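Enquirer: My questions all concern the structure below.
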Amino acid sequence: MQKPEINIVWLKRDLRVRDHRPFVNASEHPLNTIAIYIFEPEILNFSDSDLRHWRFVWESLNDLDVLLEEPSIWRFFGSCTSVIDNISQHFTIRNVWSHCETGAEITFARDRAVKHYFLENEIAWTEYQSDGVIRGLQKRQNWSKQWYDFVGTEIEPINIAQLKSRLITPSEDYLIVQNDAISQDILLNVQKPLIRIVENAGQTFQPGGVRAAQKYLQSFLSKRAVNYRINMSKPEESRTSCARISPYLAWGNLSLREVWQETQLARATGINKRQLQSFGNRLRWRAHFMQKLETDPSLEFTNANPGYNTIRTETNPVLLDCWMEGRTGYPLVDACMRCVVQTGYLNFRMRAMVVSFLTHHLWQPWQAGVHFLARMFLEYEHGNPYSQLQMQTGNTG
């Protein structure tokens, strides 16, 4: 029996439908498509990974199912190559579409292995630029202009009804109709442990999903931005005066381009022009730090300036534990550390302070704290802890 031909949309940090070229492709291509998200054991067990991240992803996938009006996202558990190979036992895969992911070495290695698999099996894989970060860029002199060109590009419209008609629903009924069954161990068993993740996560974190992302963005642009410049550095006031959309950018519930364009519209039609100009600058800075890691992946492991290689080389476990648990005896430092553990959030100035305190006052190497902070930040993305943390440490000059 001939296997049915399909395309795949491989979701990673792009958990949305709008401004999503892979989904546009799926809506326009004559073949049906399965949209997949793969929970990879290697990534879940990575030192930067925390339960809070996967709760957010799970909620985001559920939200996508609601937006598409029925279960549409296939959830898998396993290494990417084994999952794709399992799918190929039952379907002939013609195209795989995804967005580029600027990640740690573990995700770079994953992508290299997947690329090799696709080449060997004659599967066409197309990756699309994300966040204005340019893959393969060796020098950043003209990067800002390219970034502005990217965020200013018109967002491609998508026919949602047509997309839904192309997406194959991951249901047992469908599998029976095809007289075939994708491994239930891979397709379904991941749901039980991840449902427990959702149940045990508590209510102290921002919820995942496109609809929550839009509420945060619109409330900021229409109301909360009024005190952005005044309050963004203040530990308490920043909680409401900052946009609070960083998790939604990190996991792709919002695209950088749609946030930029809605911000420019709000600037043109509202009264918070200076506030939103500052906010727009920080959108670019975020992408700048991502581009730094994309261009120089060694920042994950080594000092940006090798002149600092001979200092802060030893870790004191007692001091490190006090810092992580908020027991240093410095009230503001301890409050900030307890806050990020409980909520996954800390404003930028306080992030800079706790890193500076760790590396200067406690004289600990930045590598001793980077993975802990990566686990704590709900919006963890690799450019944040590696590129920015080195800057706060003071070893980039």
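Enquirer: Residue check: is residue 391 buried (at least 21 other Cβ atoms within 10 Å of the Cβ) and more than 18 Å from the chain's Cα centre (by Cα)? Explain how you work it out, then say what you get.
Expert: On the way: buried (at least 21 other Cβ atoms within 10 Å of the Cβ): no; more than 18 Å from the chain's Cα centre (by Cα): yes.
Here the answer is no, as residue 391 does not meet what is asked.
Enquirer: Among the residues of region 268-289, which ones are within 30 Å of residue 135 (Cβ to Cβ) and among the basic types (Lys, Arg)?
Expert: Those that are within 30 Å of residue 135 (Cβ to Cβ) and among the basic types (Lys, Arg): 282, 284, 286.
Enquirer: Please enumerate the residues belonging to region 306-346 that are of a type in the set (D, E, K, R) and either touching a Cys at 6+ places or on another chain (Cβ under 7 Å) or open to solvent by less than 60 Å² (accessible area, probe 1.4 Å) (or both). Before the answer, list the steps.
Expert: Taking region 306-346 first, the residues of a type in the set (D, E, K, R) are 312, 314, 321, 325, 327, 334, 338.
312, 334, listed by residue number.
Enquirer: Right, next: Considering only region 135-157, state which residues are more than 18 Å from residue 282 (Cα to Cα) and within 22 Å of the chain's Cα centre (by Cα).
Expert: 135, 136, 137, 153, 155, 156
Enquirer: Name the single residue, out of those in region 368-395 being among the polar types (S, T, N, Q) and in contact with a Ser or Thr (Cβ under 8 Å, 6 or more places away or on another chain), that is farthest from residue 282 (Cα to Cα).
Expert: Step one: filter region 368-395 for residues among the polar types (S, T, N, Q), giving 384, 387-388, 390, 392-393, 395.
Right, trim to in contact with a Ser or Thr (Cβ under 8 Å, 6 or more places away or on another chain) and you get 390, 392-393.
On the way: 390: 18, 392: 16, 393: 20 Å.
So the residue we want is 393.
Enquirer: Taking region 1-37 on its own, how many of its residues are open to solvent by less than 10 Å² (accessible area, probe 1.4 Å), farther than 18 Å from residue 380 by Cα and not in a loop (DSSP other than H, G, I, E, B)? Step through it out loud before you land on a result.
Expert: Looking only at region 1-37, we keep the residues that are open to solvent by less than 10 Å² (accessible area, probe 1.4 Å), and these are 6-11, 14-15, 20, 22-24, 26-27, 33-36.
Now narrow it down to the ones that are farther than 18 Å from residue 380 by Cα: 6-10, 20, 22-24, 26-27, 33-36.
Narrowing the set further to residues that are not in a loop (DSSP other than H, G, I, E, B) leaves 6-10, 22-24, 26-27, 33-36.
Of the residues in that region, 14 qualify.
The rows are residues; the columns are (1) modelled with pLDDT under 90; (2) open to solvent by 30 Å² or more (accessible area, probe 1.4 Å).
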position	(1), (2)
97	no, no
102	yes, no
105	no, yes
113	no, yes
119	no, yes
122	no, yes
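Enquirer: Still on this model: Going through region 280-291 one residue at a time, which ones are surrounded by fewer than 15 Cβ atoms within 10 Å (Cβ to Cβ) and either of a type in the set (Phe, Trp, Tyr) or outside any helix (DSSP H, G or I) (or both)?
Expert: Answer for region 280-291, where residues must be surrounded by fewer than 15 Cβ atoms within 10 Å (Cβ to Cβ) and either of a type in the set (Phe, Trp, Tyr) or outside any helix (DSSP H, G or I) (or both): just 285.
Enquirer: With respect to residue 58, determine if the residue is open to solvent by 10 Å² or more (accessible area, probe 1.4 Å) and either hydrophobic (A, V, I, L, M, F, W, C) or under 21 Å from residue 111 (Cβ atoms) (or both). Give the derivation first.
Expert: Working: open to solvent by 10 Å² or more (accessible area, probe 1.4 Å): yes; either hydrophobic (A, V, I, L, M, F, W, C) or under 21 Å from residue 111 (Cβ atoms) (or both): yes.
Against the criterion (open to solvent by 10 Å² or more (accessible area, probe 1.4 Å) and either hydrophobic (A, V, I, L, M, F, W, C) or under 21 Å from residue 111 (Cβ atoms) (or both)), residue 58 qualifies.
Enquirer: Could you run through region 353-383 and say how many residues are under 26 Å from residue 253 (Cβ atoms) and either small (Gly, Ala, Ser) or out of contact with any helix residue (DSSP H, G or I) (no Cβ under 7 Å at 6 or more places or on another chain) (or both)?
Expert: First, the residues of region 353-383 that are under 26 Å from residue 253 (Cβ atoms): 370-383.
With the extra rule that they be either small (Gly, Ala, Ser) or out of contact with any helix residue (DSSP H, G or I) (no Cβ under 7 Å at 6 or more places or on another chain) (or both), the set shrinks to 371, 374-375, 383.
Adding up the residues that qualify gives 4.
Enquirer: Next question. Across region 100-117, which residue is nearest to the chain's Cα centre (by Cα) among those that are under 26 Å from residue 5 (Cβ atoms) and in contact (Cβ under 8 Å) with a residue 24 or more places away in the chain?
Expert: The first filter runs over region 100-117 and keeps only residues under 26 Å from residue 5 (Cβ atoms), leaving 100, 110-111, 113-117.
Keeping just the survivors that are in contact (Cβ under 8 Å) with a residue 24 or more places away in the chain gives 100, 110, 113-114, 117.
On the way: 100: 11, 110: 16, 113: 21, 114: 19, 117: 24 Å.
Selected residue: 100.
Enquirer: On to the next question. Every residue in region 66-83 that is under 25 Å from residue 162 (Cα atoms), in a helix (DSSP H, G or I) and open to solvent by less than 20 Å² (accessible area, probe 1.4 Å), please.
Expert: none
Enquirer: Moving on to the next point. Would you pick out the residues in region 292-344 that are in a helix (DSSP H, G or I), modelled with pLDDT under 95 and either touching a strand residue (DSSP E or B) at 6+ places or on another chain (Cβ under 8 Å) or of a type in the set (Gly, Ala, Ser) (or both)?
Expert: Those that are in a helix (DSSP H, G or I), modelled with pLDDT under 95 and either touching a strand residue (DSSP E or B) at 6+ places or on another chain (Cβ under 8 Å) or of a type in the set (Gly, Ala, Ser) (or both): 294, 298, 307.
Enquirer: So, in region 88-99, how many residues would count as being more than 15 Å from the chain's Cα centre (by Cα), not basic (Lys, Arg) and not in a loop (DSSP other than H, G, I, E, B)?
Expert: Step one: filter region 88-99 for residues more than 15 Å from the chain's Cα centre (by Cα), giving 88-97.
Applying the additional criterion that residues be not basic (Lys, Arg) yields 88-93, 95-97.
Next, from what is left, pick out any that are not in a loop (DSSP other than H, G, I, E, B): 88, 92-93, 95-97.
Of the residues in region 88-99, 6 are more than 15 Å from the chain's Cα centre (by Cα), not basic (Lys, Arg) and not in a loop (DSSP other than H, G, I, E, B).
Enquirer: When the residues of region 131-159 are narrowed to those that are assigned to a loop (DSSP other than H, G, I, E, B) and among the β-branched types (Val, Ile, Thr), which ends up farthest from residue 294 (Cα to Cα)? Let's see the steps before the verdict.
Expert: From region 131-159, those assigned to a loop (DSSP other than H, G, I, E, B) are 131-132, 134-142, 153-159; that's our starting set.
Next cut, among the β-branched types (Val, Ile, Thr) only: 134, 153, 155, 158.
On the way: 134: 8, 153: 22, 155: 24, 158: 29 Å.
By that ranking, first place goes to 158.
Enquirer: Give me a count of the residues in region 241-273 that are modelled with pLDDT under 95 and surrounded by fewer than 19 Cβ atoms within 10 Å (Cβ to Cβ).
Expert: Looking only at that region, the number is 5.
The values are calculated or read from the model by the stated rules, or taken from the named source; none is laboratory data. None of these values were measured; they are calculated from a predicted model. Ideal geometry is used to build each Cβ from the backbone, glycine not excepted, and the neighbour counts take in all protein chains shown. Keep in mind that these areas ignore ligands, DNA and RNA; they rest on the heavy atoms of the full protein, side chains included. Shrake-Rupley method; radii C 1.70, N 1.55, O 1.52, S 1.80 Å.
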